[in-house]
Amino acid sequence: SDGSIRLHQMTSEYPLMQWNDSTNGQPVIALQWALTRPAVFFVLDASSNIYIWDLLENDLLPVVKQTIPSENVVTMTLLGEPEKANGLLGIALAKESGQIDIQYVKKKWALP
């Protein structure tokens, strides 16, 4: 609820990494690891901002922040085929009106 993100290992109650105020205090609505690239995860906050984290590029800050204009996004999920090396990775965004928006991610964050 405060925008903090914690990375845990299953064998410990203490986080390996913790990013406080990672969304400028906005609650995290959804977080999902990329299906095609293990070091990348996506975060959606309550202000309809999507953050892309690539831990191999920068483990302190997200590498991209994208605001979805005009309407609140209520949830997201990632689309892709991890068994294929084609680098296609999409984000399905569910908006408050019920509309679904699908966007594709740049290959640099999708390729295995």
What relative contact order, as a whole-number percentage, does the chain give when Cα pairs under 8 Å and 6 or more residues apart are counted?
19
Show the residues, 5+ positions off or on another chain, whose built amide H is closer than 5 Å to the amide H of Gly25.
none
Read phi for every residue in the stretch 102-108 and hand back ³J(HN,Hα) as whole Hz from Karplus 6.51 cos²θ - 1.76 cosθ + 1.60, θ = phi - 60°, with x for Gly and Pro.
10, 10, 9, 8, 4, 4, 5
The chain, Gaussian network, Cα under 10 Å: of Leu78, Leu60, Leu89, the residue fluctuating most is Leu60
Check the stretch 5-109 and count each lysine pair with an alpha-carbon distance under 20 angstrom, considering only pairs eight or more places apart or from different chains.
7
Name the most mobile residue of Ala85, Ala30, Ala39, meaning the one with the largest mean-square fluctuation, in a Gaussian network model of the chain with Cα contacts below 10 Å.
Ala85
Apply the Karplus parameterisation 6.51 cos²θ - 1.76 cosθ + 1.60, with θ equal to phi minus 60°, to every residue of the stretch 6-13 and state each ³J(HN,Hα) to the nearest whole Hz, in sequence, with x for glycine and proline.
10, 9, 10, 9, 4, 8, 9, 7
Assign unit charges at the C-beta atoms only (+1 for Lys and Arg, -1 for Asp and Glu), then state the dipole size of the stretch 5-109 relative to its Cα centre in Debye, rounded to the nearest 20.
280
Report the one residue of Leu79, Pro69, Ile5 whose Cα lies farthest in the direction of the positive end of the charge dipole of the chain (charges on C-beta: Lys and Arg +1, Asp and Glu -1; origin at the Cα centre).
Leu79
Scalar couplings 3J(HN,Hα) for the stretch 55-68 by Karplus 6.51 cos²θ - 1.76 cosθ + 1.60 (θ = phi - 60°), nearest whole Hz, x for Gly and Pro, are 5, 7, 8, 7, 9, 9, 9, x, 7, 8, 10, 10, 8, 8
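We did not get these values from a lab; they are worked out from the coordinates using the rules stated. In this text, all values refer to a predicted model and were calculated from it rather than measured experimentally. Glycine gets a Cβ as well: all are built from the backbone with ideal geometry, and neighbour counts include every protein chain shown.
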